[in-house]
1. Within the stretch B:113-126, does at least one residue satisfy the condition of being within 10 Å of the chain's Cα centre (by Cα) and of a type in the set (Gly, Ala, Ser)?
2. Filter the stretch A:47-77 for residues that are farther than 23 Å from A:Leu250 by Cβ, in a strand (DSSP E or B) and open to solvent by less than 30 Å² (accessible area, probe 1.4 Å); which is modelled with the highest pLDDT?
3. Out of (1) within 12 Å of chain A (Cβ to nearest Cβ); (2) among the aromatic types (Phe, Trp, Tyr); (3) more than 22 Å from B:Thr83 (Cα to Cα), what's the single condition that is false for B:Phe195?
4. Give the number of residues within the stretch B:188-211 that are over 21 Å from the mean Cα position of the chain (by Cα) and open to solvent by 20 Å² or more (accessible area, probe 1.4 Å).
5. Tally time: how many residues in the stretch B:137-151 are open to solvent by 10 Å² or more (accessible area, probe 1.4 Å) and in contact with a Pro (Cβ under 7 Å, 6 or more places away or on another chain)?
6. State all residues of the stretch B:109-128 that are outside any loop (DSSP other than H, G, I, E, B) and open to solvent by less than 50 Å² (accessible area, probe 1.4 Å); if no residue qualifies, say none.
7. How many residues does the stretch B:182-192 contain that are farther than 23 Å from B:Thr83 by Cβ and assigned to a loop (DSSP other than H, G, I, E, B)?
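The values are calculated or read from the model by the stated rules, or taken from the named source; none is laboratory data. None of these values were measured; they are calculated from a predicted model. Virtual Cβ from ideal backbone geometry, glycine too; neighbours counted across all protein chains shown. Surface accessibility is based on the protein's heavy atoms, side chains included, excluding ligands, DNA and RNA. Shrake-Rupley method; radii C 1.70, N 1.55, O 1.52, S 1.80 Å.
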Amino acid sequence: MRRTATAALTGLVATTAAVVLVSAGASQAAGTKSYVYGLDIVAQGQSQVRQPYVESTDGSEQTGVGSALPENPLLTGEVGLFRAGNDSASMTLADISVGGGIVDQLPPEFAEGLAQLQPLCEQVPETPAEIPEIPELPIPLDEVLDVRTACESLASGELTDLLAVDLVEVACEGDSGTVDIGGVTLLGLPVDVPALEPDTAILPENPGLTITANRQTAHEDGSFTIDALVVDLAGEAEVVLGSATCGEPLPTEPAVEEPEPDLPPLAPAPEPVRGNLPVTG
Amino acid sequence: MGESRTGSGFGSGVRALASGLVYLVVLAFGATAVSLVVSPGDDAAATDERPAKNRVTLASLKAATTRTTLPRAPRDPDPQGVTDGEVVHPHSVLPLYAAPGRRPFAKVGPKQFGDTWLPVVERRGGWSRVLLPSRPNGSTGWLRTKQVERRTSPYLIRVHLGSRTLELVDRGTTVGSWTVAVGAPGTPTPTGRTFLLGQLVDDSQSFSPVILPLGSHSDTLDTYGGGPGTVALHGWPDGSVFGQAVSHGCVRVPADALDALSQVPLGTLVLVDEQ
């Protein structure tokens, strides 16, 4: 069974790699340009996806709103407001689902057995004895995961994704940045996530796969990049979720006095919607 | 023996399945969370700068809507103050904070009656304080400015309970003034600062072609007609009510006023005073 699961993972990675090789790449941005994007797959140093994307080349604020992450076999999610300006960039991602539909990707004999699991999950000890050993992890998995609950979630069809994250915020300003993650659910179980240190390495000595959260990179041209999450696939390709790059600040005219902040553009006229709300008459 | 072996086989299979899933999760992404879970002790001891915010779990927060009460929401610091007209729209569900950098106490979504637009009443650094549509009246919350779409409404709506008039102000100039009906003495229209929350066509109501619910609620009626006591601007078929204090809290306006108000962007500030 372990081989089956590993094979499924291999398939997942292979599918991802296939996507990596589909299209031509874009060059790395640099200089004074600031930009932000939701998802990218980088192969041989070349960006393959980088969407949704917005950049500011002249310091003016450029924004984008509300779109889905590009289709890929690894994760799904929604992008809220994202913007790039003079030496600043930010993005909000919501409802990130990692491994959604994973059951569909498993071998048929594996998936067909799920429906029969319900009574069997009760036989799973609360502290399972057969968790595979992963030496790179600082403590055994069976101390942090309730496998019986996960089993029951899977059997009842409630487990729709392996890892879900309600909110990811990535932002940079000048030569610093932040990544905030809120509302993490792993195998259907809420997980309390502390603050992310810069370049938090996951599985650092695993030759086939490394995962880095809050990756921060200072480039030679003076720009600074912060990536919320980076999955490196054997050094051949990497998947980047949520990336903000701040270029060099553009020189500003010496101001005699502080200018009044510009008001945002006019709000749209409302459109009536049908609904029911008893009001106080 | 046989039963035992069979049970053991099933159990072993399930354990292997669960183990395989865990292995898959860890390798696919879950190790991120696992490694974070296993090191909270050190982080807690170090009391990092953002521990509270990182415990945000949107699912556990109460949504700020006209049907909810948020007792922990900070109150409007200037209930008769005029703003520069900025309104903001969240494009996804966002946490609401009691103060910049504090723990969130609620959340607000992108849709209520159509798109959610909230007026900004204060700014501090990268934060914007907005009025909320929940009870109690005057509820506010802080949002991160970078997370919302910002626009400006040139309008301001003033309701004067004493003179029973409603003024529509455009860029500082009164462009319309009407005699209206306001709340009766036992069910007064609440004073203070609120906003246009939505624009509803309600097929179950016959008194007005469109209803403009506000962010405020009756202070004397916990519920009304099955609703949460939301105050609204709307029309009324009998013109004799205008100039009277006869409603249950809503402001009844003439048809031409309703036409004009229907063009005013959501989130626009509504100031209700005793004048």
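1. no
2. By that ranking, first place goes to A:Pro52.
3. Evaluating B:Phe195 over (1) within 12 Å of chain A (Cβ to nearest Cβ); (2) among the aromatic types (Phe, Trp, Tyr); (3) more than 22 Å from B:Thr83 (Cα to Cα) leaves (3) as the failure.
4. Residues in the stretch B:188-211 being over 21 Å from the mean Cα position of the chain (by Cα) and open to solvent by 20 Å² or more (accessible area, probe 1.4 Å): 7 in total.
5. 4
6. B:Gln112, B:Gly114, B:Leu118, B:Pro119, B:Val120, B:Val121, B:Trp127, B:Ser128, listed by residue number.
7. Selection size over the stretch B:182-192: 5.
Table: residues versus (1) in contact with a strand residue (DSSP E or B) (Cβ under 8 Å, 6 or more places away or on another chain); (2) polar (S, T, N, Q); (3) facing chain A (nearest Cβ under 10 Å).
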| residue | (1), (2), (3) |
| --- | --- |
| B:Ala184 | yes, no, no |
| B:Thr189 | yes, yes, yes |
| B:Gln199 | yes, yes, yes |
| B:Asp219 | no, no, no |
| B:Tyr224 | yes, no, yes |
| B:Val241 | yes, no, no |
